[in-house]
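First up is the structure itself, then whatever we jot down about it.
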Amino acid sequence: MSLSPRINPYAVFHGPHRRKAASAAAASAVLLGVILAAVPGSASAQTVRPTTPGSSAFTAEHGVQPSTGVVQLTEPTAYLPPVGAGSSQDAVAVALNLTPGSPPAPPAAPAPAPVAPHWSAPVPGAPITNPFGVPNPEYAAGYHTGVDFAVDQGTPVLAVGDATTVSAGYAGSYGNQIVLKLADGRYAQYAHLSRLDVSTGQQVTAGQQVGASGSTGNSTGPHLHFEIRTSNSYGDVIDPIGYLAGHGVRDF
Ligand SMILES: [Zn+2]
């Protein structure tokens, strides 16, 4: 007969919990005999130790489900035998309200590391008031070379992607302007800003604030004029909304 250090997960009950110590010890002694008699030949797998009043211990080979009527109580339990389980409190009562233990769940796979967003709208959620490409004689190119977003003065303006700051300063009709070179070689241009928060050569990440909107330069009111360029030259522009949408940006 060997005692396993592990406690079998199947719990059953015996004896009254409030029985006097001497009586409980006697009941346990009786119980030991009952169990060993009830499970002939299985004593090596289901071992009962003498109990102390108010508690008892039962051990079995780990993972082996004991026969009904065996005891596993290592400390006072909150569970009580089912009503009507038997009039004799000395009898072993199987805990009908407990279900056999389930095998332990395999360890969960490590959660994937959160992926930082690589693209952002320049002013998330702002409505477009003047789209790209609209014919406009006021522009040397003959059309609107960027997209205008309606934003209040001082609205944070964000880097649309991981980028290097090419320039940040005053640029004539564009007012305070920032040009970023994106990781894919395109350029993002922000115009009419009220504030510049980056300087030439500074690395920025997608979603990082680079400045604040305004109405500097040739502008009739606060808004953000935003361009995507294929080179750092005026007029080498593509549709900025299509470009950002192609990178999964939707919030405009
Ligand atoms: Zn514009």
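The values are calculated or read from the model by the stated rules, or taken from the named source; none is laboratory data. Note that the structure is predicted; figures quoted are calculated from it, not measured. Neighbour counts are summed over all protein chains in view; Cβ atoms, including those assigned to glycine, are modelled from backbone coordinates with ideal geometry. For accessibility, only protein heavy atoms count, side chains too; no ligands or nucleic acids. Shrake-Rupley method; radii C 1.70, N 1.55, O 1.52, S 1.80 Å.
Descriptive notes on the structure:
- Residues in the stretch 193-209 carry Karplus couplings, in order, of 6, 8, 8, 10, 9, 10, 10, 3, x, 6, 7, 10, 10, 3, x, 6, 6 Hz; the curve used is 6.51 cos²θ - 1.76 cosθ + 1.60 with θ = phi - 60°, and Gly or Pro positions show x.
- Taking 0.36 nm per residue of sequence separation and removing the Cα-Cα distance, the residue 208/residue 105 pair yields an extension gain of 32.9 nm.
- 15 Å cut-off, amide nitrogen to a point 7 angstrom out along residue 130 Cα→Cβ, residues in the stretch 197-219: 214-219
- Average accessible area per residue (Å²) across the stretch 125-252 - probe 1.4 Å, nucleic acids and ligands excluded: 42 Å²
- As a ratio to 2.2 N^0.38 Å, the alpha-carbon radius of gyration for the stretch 128-246 is 0.95.
- Here the Karplus relation 6.51 cos²θ - 1.76 cosθ + 1.60, evaluated at θ = phi - 60°, turns the backbone of the stretch 231-236 into coupling constants of 8, 8, 9, 4, x, 7 Hz, with x for every Gly and Pro.
- Label-to-label distance, residue 200 versus residue 238, with points set 7 angstrom from Cα along the beta-carbon direction: 2.7 nm.
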